[in-house]
Amino acid sequence: MKRILIVDDEEDIGTLMGGIFRSEGYEVDCAMTAEQALAFLKNNSYGTVFLDINLGSSDGLDLVPAINARLPDERVVVVSAYGDRAVREAVETAGIIHFVLKPFSKLQVLNSLEK
């Protein structure tokens, strides 16, 4: 069974996305902080990490090197309410090509799992 890690400081987003993926047969873990995400990454393997850019006082993109070091084949999808040019450039600079803009639909997040 494939596992997904959702990293978002908004509990409602984690609950919503978790429900979508669980209904499709995925195992899901949700982290609300960078520290929680690092703990999950240390102890688990994931096929996909959904990563919010704004994690309260942390920048989600700062987690990308740790994600890549731990599990280099993981797919990272940025999920953000901010989709302006500067944000998209920062995402691309971090080496991430998958981006889902909030608010999103069920179909959008499910399609982001496809390679």
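The values are calculated or read from the model by the stated rules, or taken from the named source; none is laboratory data. Quick caveat, the model's predicted, so the values are computed rather than measured. Virtual Cβ from ideal backbone geometry, glycine too; neighbours counted across all protein chains shown.
Here is a check on your reading of the model: is residue 64 at pLDDT 90 or above and not in a helix (DSSP H, G or I)? No; evaluated as a whole, the condition is false for this residue. If you go through the stretch 57-96 and keep only what is exposed (fewer than 12 other Cβ atoms within 10 Å of the Cβ) and touching a residue at least 24 places away in the same chain (Cβ under 8 Å), you end up with just 95. When the stretch 81-101 is limited to residues that are within 19 Å of residue 68 (Cα to Cα) and under 13 Å from the mean Cα position of the chain (by Cα), the one that is modelled with the lowest pLDDT turns out to be 97. Annotation note: Cβ proximity below 7 Å between a residue of the stretch 16-30 that is within 18 Å of residue 43 (Cβ to Cβ) and a residue that is of a type outside the set (Gly, Ala, Ser) and part of a helix (DSSP H, G or I) (sequence gap 6+ or interchain) occurs for 28/21; 28/22; 29/40.
Given the structure, is residue 73 among the charged types (D, E, K, R) and either at pLDDT 90 or above or touching a Lys or Arg at 6+ places or on another chain (Cβ under 7 Å) (or both)? It is false that residue 73 is among the charged types (D, E, K, R) and either at pLDDT 90 or above or touching a Lys or Arg at 6+ places or on another chain (Cβ under 7 Å) (or both).
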